[in-house]
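The next block holds one structure in the form of structure tokens; read it before the comments.
The values are calculated or read from the model by the stated rules, or taken from the named source; none is laboratory data. Just so it is clear, the model here is predicted, and its values are computed rather than measured. Every residue, glycine as well, gets a Cβ built from its backbone with ideal geometry; the counts of neighbours run over all protein chains shown.
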Amino acid sequence: MRRPSLLVSVRCADEVASAIEGGAEIIDVKEPLHGSLGMASPETLAACSAAVPEHHLWTLAGGELLDRRKHMDGSEDGDTTSPSATGFLPELKRLPYAVKFGLSQCRDTEWTGVFHDVAASLPVNVRAIPVAYADWQAAGSPDVPAVLNAANLYGWSTVLVDTFDKAESGSLLDLVSIKTLQDWVAQASRHGVDLVLAGRLSLEDVPVVSACEPMAVAVRSAVCIGGRNGRVDTRLVQMVASQCHDSSLNSRKKSIVGN
């Protein structure tokens with residue numbers, strides 16, 4: 001049984017240092033004020049990319065997939081300073097491992113082709129990660145099993161599950177049962193897909209979600225003073241990192257006893 005990695009979402013370079021010091025293994029850069037997958041400014045991304053240690057992976061939120069397509073095909077103003085634009089990525093000192101794109105409003109559309117086109121527009125070696133929403137009805141997105149099936153069909157290595165509505169829908173565990181999370185992890189494992197679980201997780205939620213054994217657990221609210229729009233606190237990151245580790249040990253002990 002593996003211990004999930006801890007992904008911490010940050011909004012500035014100072015928070016990168018706090019997250020790393022607290023034990024984060026993956027750094028994700030986003031702007032919470034711009035939505036579930038709000039993209040940070042080019043200046044913020046440049047500062048954060050320079051602040052992440054070489055041995056740590058870093059990713060960024062790229063906004064919603066269909067919004068990104070509008071910028072690509074010119075149906076909306078293609079301002080390169082827009083938080084939805086990713087054309088500046090090659091200028092970064094260090095490229096991200098991946099860019100995440102939300103699938104809101106993609107239900108009943110040919111979204112996989114759009115995702116392929118957007119992924120192909122990224123710099124070489126930068127992956128695109130589809131984000132499935134646990135509150136898929138509110139998001140108008142394909143449900144999680146459908147996204148995992150698409151990942152298997154098209155060879156996408158990673159899927160992130162998050163919550164779309166950060167105000168009304170509640171946390172991941174408010175929306176789905178532990179059994180459902182285990183089923184998603186099992187489906188991903190059968191397909192050879194890494195699954196990351198997120199969605200307004202609290203400190204108390206982390207060991208429960210970690211015990212389902214996703215590839216990583218992603219947090220922001222749980223490690224921020226002042227909530228999702230507050231600031232990352234090293235002590236809170238340490239507490240969440242400990243919860244990830246302890247849940248893994250407890251799960252392993254139960255397995256040994258059961259055998």
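Exactly one of (1) under 23 Å from V147 (Cα atoms); (2) in contact (Cβ under 8 Å) with a residue 24 or more places away in the chain; (3) buried (at least 20 other Cβ atoms within 10 Å of the Cβ) is unmet by C48. Its number?
Unmet condition: (1).
Of everything in the stretch 109-139 that's out of contact with any Ser or Thr (no Cβ under 6 Å at 6 or more places or on another chain) and small (G, A, S), which residue is nearest to L89 (Cα to Cα)?
S121
Determine whether L33 is over 17 Å from A218 (Cα atoms) and surrounded by fewer than 21 Cβ atoms within 10 Å (Cβ to Cβ).
Considered against the rule, which asks whether it is over 17 Å from A218 (Cα atoms) and surrounded by fewer than 21 Cβ atoms within 10 Å (Cβ to Cβ), L33 comes out as yes.
Given (1) buried (at least 23 other Cβ atoms within 10 Å of the Cβ); (2) in contact with a Gly (Cβ under 6 Å, 6 or more places away or on another chain), identify the lone condition not met by V232.
It is condition (2) that V232 fails.
Any idea how many residues of the stretch 12-25 are surrounded by fewer than 24 Cβ atoms within 10 Å (Cβ to Cβ), touching a helix residue (DSSP H, G or I) at 6+ places or on another chain (Cβ under 7 Å) and part of a loop (DSSP other than H, G, I, E, B)?
Looking only at that region, the number is 2.
Taking the stretch 124-145 on its own, how many of its residues are part of a helix (DSSP H, G or I) and surrounded by fewer than 16 Cβ atoms within 10 Å (Cβ to Cβ)?
Counting residues in the stretch 124-145 that are part of a helix (DSSP H, G or I) and surrounded by fewer than 16 Cβ atoms within 10 Å (Cβ to Cβ) gives 3.
Would you check if there is a residue in the stretch 114-121 being modelled with pLDDT under 95 and in a loop (DSSP other than H, G, I, E, B)?
Looking for residues that are modelled with pLDDT under 95 and in a loop (DSSP other than H, G, I, E, B), one finds at least one in the stretch 114-121, hence yes.
From the residues in the stretch 67-102 that are β-branched (V, I, T) and buried (at least 17 other Cβ atoms within 10 Å of the Cβ), which one is modelled with the lowest pLDDT?
T86
Filter the stretch 26-64 down to the residues that are hydroxyl-bearing (S, T, Y) and in contact with a helix residue (DSSP H, G or I) (Cβ under 8 Å, 6 or more places away or on another chain) and list them by number.
Of everything in the stretch 26-64, just one residue is hydroxyl-bearing (S, T, Y) and in contact with a helix residue (DSSP H, G or I) (Cβ under 8 Å, 6 or more places away or on another chain), namely T44.
Only residues that are surrounded by 19 or more Cβ atoms within 10 Å (Cβ to Cβ), closer than 23 Å to T163 by Cα and of a type in the set (S, T, Y): list them for the stretch 36-45, please.
S36
Out of all the residues in the stretch 134-183, which are over 15 Å from the mean Cα position of the chain (by Cα) and hydroxyl-bearing (S, T, Y)?
Once the filter is applied, which keeps residues that are over 15 Å from the mean Cα position of the chain (by Cα) and hydroxyl-bearing (S, T, Y), the stretch 134-183 yields S141, Y154, S169, S177, T180.
How many residues are closer than 21 Å to T59 by Cβ, without any contact (Cβ under 8 Å) to a residue 40 or more places away in the chain and of a type in the set (A, V, I, L, M) when one looks only at the stretch 182-196?
Result for the stretch 182-196: 1.
Find the residue count for the stretch 216-247, including only residues that are assigned to a loop (DSSP other than H, G, I, E, B) and without any contact (Cβ under 8 Å) to a residue 24 or more places away in the chain.
Adding up the residues that qualify gives 3.
Kindly establish whether S202 is surrounded by fewer than 16 Cβ atoms within 10 Å (Cβ to Cβ), in contact (Cβ under 8 Å) with a residue 12 or more places away in the chain, on the phi < 0 side of the Ramachandran plot and outside any helix (DSSP H, G or I).
Against the criterion (surrounded by fewer than 16 Cβ atoms within 10 Å (Cβ to Cβ), in contact (Cβ under 8 Å) with a residue 12 or more places away in the chain, on the phi < 0 side of the Ramachandran plot and outside any helix (DSSP H, G or I)), S202 qualifies.
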